Amino acid sequence: MLLNTIDQAVEQGQQDDPVNHPVHYATGGIETIDIIRAKLTTDEFVGFCKGNVLKYVTRASLKGGEEDLRKAAKYLEFAVGNGHFHPVTEET
């Protein structure tokens, strides 16, 4: 099913950009990240992004190399670009 969707997107001239706009995450005309952003609170979404940054950075040398680092950077952009990133501050 997923392979059929990807094949159809390629046939329709859509470029598969595995970092910025993966075809397999845009089924139905909306990207999965947009659904996640809409369903989570701001703090939950930033936490989701931070978790993905950690995932891609820690596995980069074992699996995806530069592409994983680019994916980590993209999730960092999502977190910071959300406009509601609150750095942790020390309470005294």
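The values are calculated or read from the model by the stated rules, or taken from the named source; none is laboratory data. Quantities reported herein were computed from a predicted structural model and do not represent experimental measurements. For neighbour counting, all protein chains shown are included, and Cβ atoms are generated from backbone atoms with ideal geometry for every residue, glycine included.
Here is a list: Lys63, Lys55. Which entry is surrounded by 14 or more Cβ atoms within 10 Å (Cβ to Cβ) and either charged (D, E, K, R) or at pLDDT 90 or above (or both)?
Answer to the selection: Lys55.
Could you please give the count of residues in the stretch 60-79 that are under 17 Å from Ile36 (Cβ atoms) and of a type in the set (A, V, I, L, M, F, W, C)?
Looking only at that region, the number is 4.
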